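Worksheet for the structure shown next.
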Amino acid sequence: MLNIGDDPPRLLAAFAHPDDEQWGTAGALLACAERGIEIHVLSATSGDAGEISEPALATRRTLGAVREEELRTACAMLGFQPPILLRHGDGQLAVVERELLVGQIAVAIRRLRPRVVLTFDANGGYGHLDHIVIHQATLAAWECAADPIYNLPVGIDFDRLPPHRPDKLYATAYPHSRVVKLNADLQRLGFATIDFGSVQTLYGDEILTPDELVTTVVPVAHLWERRWASLRAHRTQYGADHPFIAVGSEVASTWLPSDCFRRIHPAPAAGAPLPDEDDLWAGLPPPGGAS
């Protein structure tokens, strides 16, 4: 068990599925990990409703366990801590009892005492319902973890963990301009373009992130080879025929020269020019420094 009195620098990233930590976040998280910040990835599901790129890798019955192991491998490759796995049903987060999901994330916040918390944007990036639910639950957990009189559902040990409010709260950002380039490259190379809203719950301007709302742009081009390798660890989801893999590392690297985020807390000042920072740890003491 963690010694919460020590409070080393930690960041908690709360997502819905194994591999959610990859696109648009892995580089920024790796940049933090390389400076001695503990990175903890929470996955609300085991991804058991996902793709199976090759029949030899998994069956429908074993996919959840296989994807959990893929996430463990990817986290280890990036120097992250072993992932936190809640094991709710993939595609079923909307029907999970809200207090249970919020409580589980709040427990992670109290136990780990991270200074930074990260999750999906309110639109789930591209309207994925599981992503939207984990965003809502994480924001609620952010408040509950700091509330000394918050009562958790029966079965979750919470009272012995002191309240904790992290310093910063972020949401992922997937700028419209990035998707324009991604689709242009896919079309140029003969792949089908991606219509992120076509099979999800939001459409048009509701999906992705307007560029002008991005608060934080973390340069990560120098970390590409490690994040590409960790992406490939999610073999069931990113097989050789997946367009994001088939285009090759050289092309894919141009899609993610930086990772982008929206800072929810502390919110940017009204009218402030954005982006206004290039580091998820900006404004916090450097790892190993005074707290």
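Kindly indicate whether any position in the stretch 226-248 is farther than 27 Å from ASP130 by Cβ, touching a Pro at 6+ places or on another chain (Cβ under 8 Å), outside any helix (DSSP H, G or I) and at pLDDT 95 or above. Checking the stretch 226-248: not a single residue is farther than 27 Å from ASP130 by Cβ, touching a Pro at 6+ places or on another chain (Cβ under 8 Å), outside any helix (DSSP H, G or I) and at pLDDT 95 or above.
Checked against (1) at pLDDT 95 or above; (2) farther than 29 Å from ALA76 by Cα; (3) in contact with a His (Cβ under 8 Å, 6 or more places away or on another chain), PRO210 passes all but condition (1). From the list ASP185, ASP205, ASP159, the one residue that fits, being farther than 30 Å from ALA270 by Cβ, at pLDDT below 85 and not hydroxyl-bearing (Ser, Thr, Tyr), is ASP159. From the residues in the stretch 235-291 that are under 28 Å from GLU212 (Cβ atoms) and among the aromatic types (Phe, Trp, Tyr), which one is nearest to the chain's Cα centre (by Cα)? The residue in question is PHE261. Does ASP7 count as part of a loop (DSSP other than H, G, I, E, B), of a type outside the set (A, V, I, L, M), modelled with pLDDT under 95 and at positive phi? Spelling it out, ASP7 is indeed part of a loop (DSSP other than H, G, I, E, B), of a type outside the set (A, V, I, L, M), modelled with pLDDT under 95 and at positive phi. Would you mind finding the one in GLY47, GLY91, GLY36 that is out of contact with any strand residue (DSSP E or B) (no Cβ under 7 Å at 6 or more places or on another chain) and over 30 Å from VAL217 (Cβ atoms)? One residue alone meets the criteria, GLY91. For the stretch 265-281, the criterion of being part of a strand (DSSP E or B), closer than 30 Å to ARG165 by Cβ and not hydroxyl-bearing (Ser, Thr, Tyr) is met by at least one residue. Listed conditions (1) crowded, with 18+ Cβ neighbours inside 10 Å; (2) out of contact with any helix residue (DSSP H, G or I) (no Cβ under 6 Å at 6 or more places or on another chain); (3) modelled with pLDDT of 95 or more; (4) not in a loop (DSSP other than H, G, I, E, B) are all met by PRO166, apart from (4).
Every test in (1) touching a Cys at 6+ places or on another chain (Cβ under 9 Å); (2) surrounded by fewer than 22 Cβ atoms within 10 Å (Cβ to Cβ) is passed by GLY64 save one, and that test is (1).
I'm trying to understand the selection: among the residues of the stretch 38-49, which are over 15 Å from PHE15 (Cα atoms) and either free of Cβ contacts under 8 Å to residues at least 12 places away in the same chain or part of a loop (DSSP other than H, G, I, E, B) (or both)? First the steps, then the outcome.
Restricting attention to the stretch 38-49, the residues satisfying the condition of being over 15 Å from PHE15 (Cα atoms) are 38, 49.
Listed by number, the list holds a single entry, ALA49.
Selection of the stretch 124-153 for residues being within 15 Å of the chain's Cα centre (by Cα), within 20 Å of ARG263 (Cβ to Cβ) and surrounded by 22 or more Cβ atoms within 10 Å (Cβ to Cβ) yields GLY124, GLY125, HIS131, ILE132, ILE134, HIS135, ALA137, THR138. Give me the residue from the stretch 169-185 that is hydrophobic (A, V, I, L, M, F, W, C) and in a strand (DSSP E or B) and, out of that set, surrounded by the most Cβ atoms within 10 Å (Cβ to Cβ). Result: ALA171. Summed over the stretch 239-260, residues that are within 14 Å of ILE52 (Cβ to Cβ) and buried (at least 20 other Cβ atoms within 10 Å of the Cβ) total 0. Do we have any residue at all in the stretch 33-56 that's at pLDDT below 95 and of a type in the set (Gly, Ala, Ser)? No, every residue in the stretch 33-56 fails to be at pLDDT below 95 and of a type in the set (Gly, Ala, Ser).
The values are calculated or read from the model by the stated rules, or taken from the named source; none is laboratory data. Predicted model only: the values in this text are computed from it and were never measured. Glycine also receives a Cβ, built like all others from the backbone with ideal geometry; neighbour counts cover every protein chain displayed.
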